[in-house]
Amino acid sequence: MYDLIIIGSGPAGLTAGIYAERAGLKALVLERNFMSGGQIIDTYEIDNYPGLMGINGFDLAQKMREHADQLGVAFKMAEVQQVEDLGDTKKVHTSEETLLTKTVLFATGAHHSSLNIPGEAEYAGKGVSYCATCDGAFYKNKDVAVIGGGNVAIEDAIFLARTCRKVYVVHRRDQLRAQKALQDKLFEFDNVEMVWHHTPVKIVGEDGKTSGLLVHDKSIGTDKCLEVSGVFVAVGIVPNSKGYEHICACDQKGYIVAGEDCRTSAPGFFAAGDVRTKEVRQVATAVGDGANAIASVERYLNTRKW
């Protein structure tokens, strides 16, 4: 019987594992991939994590995992197939075994909706980004493109317009879905150009980096290439919460409902990192969630008679 099973070993899960070990909890971290780190593994450079400016995502993930390993955090590579809530006892079913635990922490993260066009995967982290606040600083005084028309896309475009030389906003329709206040703010920038009725076709590169975005004009049926150094994809984020909706409450987008204390609607279940409802999804906030989650787990365990 474990005190805690942590599902996922991105920044939130790794931090939770470290804090759980230091708290003397009998904890286990389950990771379905060959490597820990979650989304940051695919990030070419991280420039906003305090104390480690300019580190790439792979190295940061390795450092976090090494920290956990040195403390003796227990890991297992396993795909979680089902989680059961039996009251004070929880069952976590994997392809290999069934594990018993007193608490569960969902740290499964989220994934960005992709365009599924040629060049996207090839240049991910090399000019293709899914987070303007994470990577925008690398494109100061450069030309970039933002793909999307919702709130996130327009917020990204506004953020980039403050430092980039030119920002193309590529949208498949002739009007945005974003809130009017955001649209008004966007249109205040002289360096923003709207590319209406266009869809992305291909991301092109040179010398291993993004050099342009090929787009298709739906109105006249022709293609053109926008010469840009960065392409920011903002067409949606999908939380990795599938299969857990029956355990605890999720919002309309599928995020597990949990506050700063990481408590969910189900006693003994917690959520940390990008999978939970929150305003900012960054490495720093995921790490904070990992620490908060363990404090909440300890409080929960201390209120039960085992």
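Using a simple spin-label model with pseudo-atoms 7 Å out from Cα toward Cβ, Ala295 and Gln252 lie 3.2 nm apart. Classify the range 114-233 as rounded, prolate or oblate from the Cα gyration tensor: take a ≥ b ≥ c as the square roots of its eigenvalues, call it rounded if a/c is under 1.5, otherwise prolate when a/b beats b/c and oblate if not. Oblate is the answer for the range 114-233, as a/c is 1.5 or above yet b/c matches or exceeds a/b. Taking a Cβ cut-off of under 11 Å around Gly72, the surrounding Lys, Arg, Asp and Glu residues balance to a net charge of -1, with basic ones at +1 and acidic ones at -1.
For the pair Leu71 and Phe189 in one chain, pulling the backbone fully straight at 0.36 nm per residue adds 37.5 nm over the alpha carbon distance.
Please arrange Ile7, Ile55, Ile220, Ile256 by counting, for each residue, the other beta carbons lying within 10 Å of its beta carbon, fewest first. Let's see the in-between values first.
Numbers: Ile7 24, Ile55 18, Ile220 7, Ile256 27.
The fewest-first ordering by Cβ neighbours comes to Ile220, Ile55, Ile7, Ile256.
Each listed q (0.17 Å⁻¹) maps to a log10 I(q)/I(0) for the range 104-179, found by the Debye formula over equal Cα scatterers with no solvent: -0.72.
Per-residue Cβ neighbour counts within 10 Å put Arg276, Arg65 in the sequence Arg65, Arg276, beginning with the fewest. In vacuo Debye scattering of the range 73-123, one point per C-alpha: log10 I(q)/I(0) at q = 0.23 Å⁻¹? Debye curve over Cα of the range 73-123, log10 I(q)/I(0) at q = 0.23 Å⁻¹: -0.91. Does the range 184-284 classify as rounded, prolate or oblate by the C-alpha gyration tensor (a ≥ b ≥ c root eigenvalues; a/c under 1.5 gives rounded; else a/b over b/c gives prolate, otherwise oblate)? Prolate, since a/c reaches 1.5 and a/b exceeds b/c. Pairs of Cα atoms in the range 238-297 fall into 10 Å distance bins, from 0 up to the last occupied one, in shares of 26, 58, 16 percent.
Legend: ranking of residues Cys134, Cys225, Cys262 from fewest to most surrounding C-beta atoms inside 10 Å; resulting order Cys225, Cys134, Cys262. Here volume of the Cα convex hull per residue in Å³ was computed from the coordinates, and among (1) 139; (2) 196; (3) 124 the match is (1). Here the label points at Ser265 and Glu84, each 7 Å from Cα along the C-beta direction, are separated by 2.3 nm in the simple model. By the beta carbon rule, with partners counted only under 4.7 Å, the chain holds these lone Cys residues: Cys164, Cys225, Cys248, Cys250, Cys262. Is the shape of the range 216-264 rounded, prolate or oblate, going by the alpha carbon gyration tensor and its root eigenvalues a ≥ b ≥ c, with a/c under 1.5 for rounded and a/b larger than b/c for prolate? Prolate, since a/c reaches 1.5 and a/b exceeds b/c. For Ile55, the shell of other residues with beta-carbons less than 13 Å away shows a net charge of -2, using +1 for Lys and Arg and -1 for Asp and Glu.
Electrostatic tally near Cys225: other residues with Cβ closer than 14 Å to its Cβ, Lys and Arg +1, Asp and Glu -1, net -3. Here is what passes the span test in the chain: the DSSP H helices with alpha carbon length of 24 Å or more along the helix axis and a Kyte-Doolittle mean of -0.5 or above are 283-302.
Percent antiparallel among DSSP beta bridges with both residues in the range 114-233, to the nearest 5? Counting DSSP beta bridges with both partners in the range 114-233, the antiparallel share is about 45 percent.
All of the numbers you see were taken from the coordinates with simple rules; none came from a lab. Model, not experiment: these values are computed from the prediction. Every residue, glycine as well, gets a Cβ built from its backbone with ideal geometry; the counts of neighbours run over all protein chains shown.
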